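Encoded as structure tokens, the structure appears first; notes follow it.
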Amino acid sequence: MNSIATKTYHVHFNDNAYNELNAYLKTNNFSQIFILVDTNTHEHCLSKFMAQLETALKIEIIEIEAGESHKTIDTCVGVWNALSELGADRKSIMLNLGGGVVTDLGGFVACTFKRGIKYINIPTSLLAMVDASVGGKTGVDLGALKNQVGVISSGDMVLIDTSYLDTLPQNEMKSGLAEMLKHGLIRNKDYFERLTNLSTLTLADLDTLIYESVEIKKTVVTNDPLEHNERKHLNFGHTLGHAIESYFLSHEDKEALLHGEAIAIGMILECFISSEILGFPKSDLEQITKAMNAIYKPVNIASHDIDYIIDLLKYDKKNEHGNINFVLLESFGNPKIDCVVANELIKRSFAYYSSFHI
């Protein structure tokens, strides 16, 4: 369990990751290294990471504020200015050390600074390890609207050191787990069921499950790098999940949800819709709902919130020709793309979700 190869880059794990990084830095003629961190990873992860570097190159640290609300073009401008002021050139390399905000934003900054400099992602959250740092999607939000601006461009490698997970609070671990659960739903029922058996998992089990999750995403992305067909499967739960996340993020009277918390709700809603449209088995719907509700706290979504959430669906990146396109499930591991869903059924899915929390 050392590396996973894609067509354009490798994902390296644990001790092997630093061996590969140091060899890469020695064999490429970089002018200097820029490490992008946020306030959390600066405090909890940077010193550990720096201790693993074996290089004589000049290193500069650029810090951004932590949190989804800072995943904006304004933050990018700050990083671009910092790179310019610190003398970055086209032979500089950027190492993005952080969660999904850092890897998404850092990749976008690197791809666009001087028309592109090399970058490497070092994800420090579970969500970033299994999702954000793998697959080449980079970018930022537009206000509260998720991932509206960006490019698809993979870095030169991804380094996954699962010991960084020791710094994560439980809710952040659960946020990342949601993407792993999604991988089970779209690919493998056995994998989903192993993930929901949390009480029996050891740290070694978690390493194996993370590796399997990265394998699943890698396979999908390799088959369809530009999201014309199969890669859309990875958006299961995200059409409604992103709208819910954006809605809660943009309303001051709402407590913002972590990405995985919103996606967990989205997966329950979209499993219900799948059962109504595609005949997804009711027994599997019940199993999934119970499993998700055992992991994630209930969220109160009032009836007057739902119209606003539905209105946000028009910004979903999968939409084409005015249609709101869902990814739904015919069965475990059998997604169907470009499904159009009536608003009345969407509202019924929210009623189904709420019925478990009354």
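I'd like to know if segment 240-248 contains one or more residues that are closer than 18 Å to Asn171 by Cβ and either touching a Phe, Trp or Tyr at 6+ places or on another chain (Cβ under 7 Å) or open to solvent by 40 Å² or more (accessible area, probe 1.4 Å) (or both).
No, every residue in segment 240-248 fails to be closer than 18 Å to Asn171 by Cβ and either touching a Phe, Trp or Tyr at 6+ places or on another chain (Cβ under 7 Å) or open to solvent by 40 Å² or more (accessible area, probe 1.4 Å) (or both).
Could you grab me the full set of residues in segment 186-202 that are without any contact (Cβ under 8 Å) to a residue 40 or more places away in the chain, part of a helix (DSSP H, G or I) and over 19 Å from Val134 (Cβ atoms)?
Result: Asp190, Glu193, Arg194, Ser199, Thr200.
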Count of residues meeting criterion [without any contact (Cβ under 8 Å) to a residue 12 or more places away in the chain and over 20 Å from Asn40 (Cα atoms)] in segment 55-83: 3
Given (1) at pLDDT 95 or above; (2) open to solvent by less than 20 Å² (accessible area, probe 1.4 Å); (3) touching a helix residue (DSSP H, G or I) at 6+ places or on another chain (Cβ under 7 Å), index of the condition Ser274 fails: (3)
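Results for (1) open to solvent by 20 Å² or more (accessible area, probe 1.4 Å); (2) among the polar types (S, T, N, Q); (3) within 29 Å of Gly155 (Cα to Cα), shown as yes or no for each residue.
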{"position": "Glu261", "(1), (2), (3)": "yes, no, yes"}
{"position": "Gly279", "(1), (2), (3)": "yes, no, no"}
{"position": "Ala294", "(1), (2), (3)": "yes, no, no"}
{"position": "Lys297", "(1), (2), (3)": "yes, no, no"}
{"position": "Asn300", "(1), (2), (3)": "yes, yes, no"}
{"position": "Leu312", "(1), (2), (3)": "yes, no, no"}
Counted residues, segment 1-19 - those being part of a helix (DSSP H, G or I), open to solvent by 70 Å² or more (accessible area, probe 1.4 Å) and not acidic (Asp, Glu): 1
Selection count where residues are among the hydrophobic types (A, V, I, L, M, F, W, C) and in contact with a Leu (Cβ under 6 Å, 6 or more places away or on another chain), scope segment 134-148: 2
Among residues of segment 175-217, those that are within 13 Å of the chain's Cα centre (by Cα) and either open to solvent by 20 Å² or more (accessible area, probe 1.4 Å) or polar (S, T, N, Q) (or both), counted: 2
Given (1) under 22 Å from the mean Cα position of the chain (by Cα); (2) open to solvent by 20 Å² or more (accessible area, probe 1.4 Å); (3) of a type in the set (A, V, I, L, M), index of the condition Ala110 fails: (2)
Qualifying residue in segment 325-343 (condition: small (Gly, Ala, Ser), open to solvent by 20 Å² or more (accessible area, probe 1.4 Å) and farther than 20 Å from Ala178 by Cα): yes
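May I ask you to list the residues in segment 84-96 that are touching a residue at least 60 places away in the same chain (Cβ under 8 Å) and either more than 27 Å from Leu25 (Cβ to Cβ) or open to solvent by 10 Å² or more (accessible area, probe 1.4 Å) (or both)?
Lys91 - this is the single residue of segment 84-96 that is touching a residue at least 60 places away in the same chain (Cβ under 8 Å) and either more than 27 Å from Leu25 (Cβ to Cβ) or open to solvent by 10 Å² or more (accessible area, probe 1.4 Å) (or both).
A quick yes/no check of all residues on (1) over 20 Å from Ser355 (Cα atoms); (2) modelled with pLDDT of 95 or more; (3) touching a Cys at 6+ places or on another chain (Cβ under 6 Å):
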| residue | (1), (2), (3) |
| --- | --- |
| Lys218 | yes, no, no |
| Arg231 | yes, no, no |
| Leu234 | yes, yes, no |
| Leu240 | no, yes, no |
| Ser246 | yes, no, no |
| Ile268 | no, yes, no |
| Ile295 | no, no, no |
| Ile301 | no, yes, no |
Residue satisfying all of: in segment 248-266; of a type in the set (Asp, Glu) and at pLDDT below 95; nearest to Thr72 (Cα to Cα) among these: Glu252
Set Thr27, Thr41: member being polar (S, T, N, Q) and exposed (fewer than 14 other Cβ atoms within 10 Å of the Cβ): Thr27
Residue list for segment 48-80, filter: of a type in the set (A, V, I, L, M) and either out of contact with any helix residue (DSSP H, G or I) (no Cβ under 9 Å at 6 or more places or on another chain) or assigned to a strand (DSSP E or B) (or both): Met50, Ala51, Ala56, Ile59, Ile61, Ile62, Ile64, Ile73, Val77
Extreme residue, farthest from Ala82 (Cα to Cα), among residues of segment 20-47 that are in a helix (DSSP H, G or I) and under 23 Å from the mean Cα position of the chain (by Cα): Leu21
Helices (runs of 4 or more DSSP H) wholly inside segment 218-322 containing at least 2 residues that are within 26 Å of Ser133 (Cβ to Cβ) and within 18 Å of the chain's Cα centre (by Cα): 238-250, 259-277
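The values are calculated or read from the model by the stated rules, or taken from the named source; none is laboratory data. As the structure is a prediction and not an experimental result, all values here were calculated from the model. Methodologically, a virtual Cβ is constructed for each residue, glycine included, from the backbone with ideal geometry; neighbour enumeration extends over all protein chains shown. Remember, those area values only see protein heavy atoms, side chains included, never the ligands or the DNA or RNA. Shrake-Rupley method; radii C 1.70, N 1.55, O 1.52, S 1.80 Å.
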